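*Asks:* Right, I'll just put the structure down here and ask away after.
The numbers here are math on the coordinates, done by the rules we state, and not lab data. From a predicted model like this one, the values you see are computed outputs, not experimental measurements. Neighbour counts run over all protein chains shown; Cβ positions are idealised from the backbone, glycine included.
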Amino acid sequence: MTDNDLLPQITQSVIDGDAGFAKEITQQALEAGVDPLVILNQGLMLGADEVGKRFESGEFFLPELMLAGRALKAAMEVLNPQLAGKSLGSNTTSRGNVVIATIQTDIHDIGKNIVASMLTAAGFIVTDLGVDVPLKTIVDKAEEIGAQVIALSALLTTSMPYMKDLISLLIGRGLRQKYIVLVGGASVTEAWANDIGADGTARNAAQAVSLVRKSLNSA
C-alpha cells in the first residue's frame, strides 16, 4: 500500500473510534516506511480535527468522542516511540509541552483522557499524571520536564477550589508567569476560570486543543 492508501485509513480509524484498527494501520504505515510525522500530521491529526468538527456540529456526542480518544491513544502507543527525538517540524500546528492531571480529591478521568489523547494526536508532548494528583506533584513535574502548559481537570465541585490553590502555589513559588494554566470539567465555567486567575477553559476536548494552540501562540 502507498501513503495515499494508508493515511486515509488512519484518519478514518480515528473518526470511527476503532482502537484496534487504528493501532494496526498505524503499525502497517510505519512498516511501509511512512514517516512518523506524516502519519501524525496527515493521518491522526486529520481524524482528530474531523471528530472535533462533528462534535461541535452535534453530529457526534460524548460516546463517539470517547471512542475517538481511545483510537488516538492506541495509535499513539505505536507512534510515540518513533516520534521520540524527532522535531515535530513546521507542518505541525503546535509544539507545546503539556502536563495534565485530575486535581487532588477527584478521581474522574474520562474527560481528561480524551483531552490528553487529542492533544497528543495534535502533536503536543503530553505528560498525564492521572487522577487525585497532589498540587506539589503537578508543579514539580512541570518544572522537571520544562512544560509550558498545566492543564487541570475536576468534575467534583468540591475539588475545584484546588485549582485555585495550585495557582496560589505557583504564585508563592514565583512561577506563575512561567506557565499557561488551563482548567476544565463539567462544572468549570469561564467565569470560574477568570475568578481563580486561570488562563482559560474549554467546553470540550476539541476546544481544549484549540485553546492550547492559541495560548501558546500568544504567549
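*Asks:* Tell me which of G174, H108, M118 sits at the most positive position along the dipole axis of region 107-196, charges placed on C-beta atoms (Lys, Arg +1; Asp, Glu -1).
*Replies:* Projecting each Cα onto the dipole axis, the largest value belongs to G174.
*Asks:* What is the distance, in nm, between label points placed 7 Å from the Cα along the Cα-to-Cβ direction at D35 and at L169?
*Replies:* Going by the 7 Å Cα→Cβ label model, 4.0 nm.
*Asks:* Still on this structure, I have one more. Mind ranking 125-132, 167-174, 12-19 by how tightly packed they are, going by the mean number of other C-beta atoms within 10 angstrom, highest first?
*Replies:* 12-19, 125-132, 167-174
*Asks:* Compute the relative contact order of region 97-218 as a whole-number percentage, counting only Cα pairs closer than 8 Å that sit 6 or more residues apart in sequence. Before the final figure, lay out each step's value.
*Replies:* On the way: 211 pairs, mean separation 33.6, N = 122.
Contact order relative to length: 28 percent.
*Asks:* What is the spin-label model distance, in nm, from D140 to S187 if the labels are put 7 Å beyond Cα along the C-beta direction?
*Replies:* That separation, rounded to one decimal, is 2.8 nm.
*Asks:* With Rg and the Kirkwood Rh both taken from Cα atoms, where does Rg over Rh land for the chain? List each step's numbers first, then the result.
*Replies:* Details: Rg = 17.2 Å, Rh = 17.5 Å.
Here the Rg-to-Rh quotient is 0.98.
*Asks:* Can you tell me what percent of all Cα-Cα pairs in region 97-218 are more than 18 Å apart?
*Replies:* Working: 3149 of 7381 pairs.
Here the tail beyond 18 Å accounts for 43 percent of pairs.
*Asks:* Per DSSP H run of n ≥ 4, the term is -39500 (n - 2.57); total these for the chain, divide by its residue number, and report the mean residue ellipticity at 222 nm rounded to 500 deg cm²/dmol.
*Replies:* On the way: 10 runs with 122 residues, N = 219.
Using -39500 (n - 2.57) per qualifying helix, the result is -17500 deg cm²/dmol.
*Asks:* May I pose another question? Cut-off under 15 Å on the C-alpha distance; same-chain residues fewer than 8 positions from K53 excluded. Which aspartates and glutamates are left, in chain and number order?
*Replies:* D16, E64
*Asks:* Full-extension gain between R203 and K53, please, as 0.36 nm times their residue separation minus the C-alpha to C-alpha distance.
*Replies:* Values: separation 150, 0.36 × 150 = 54.00 nm, distance 1.35 nm.
Length gained, R203 through K53: 52.7 nm.
*Asks:* Return the lysines within reach of K164: Cα separation strictly under 20 angstrom, same-chain partners fewer than 8 residues apart disregarded; answer none if there are no such residues.
*Replies:* K112, K136, K141, K178
*Asks:* Normalised by the residues of the chain, what does the relative contact order come to in percent, with Cα pairs under 8 Å and at least six apart?
*Replies:* On the way: 374 pairs, mean separation 39.8, N = 219.
Answer for the chain is 18 percent.
*Asks:* Let me ask something else. What does the convex hull of the Cα atoms come to per residue for region 3-83, in Å³? Present the calculation step by step, with values, prior to reporting the outcome.
*Replies:* Numbers: hull volume 5.6 nm³, N = 81.
For region 3-83, the hull spanned by Cα atoms encloses 69 Å³ per residue.
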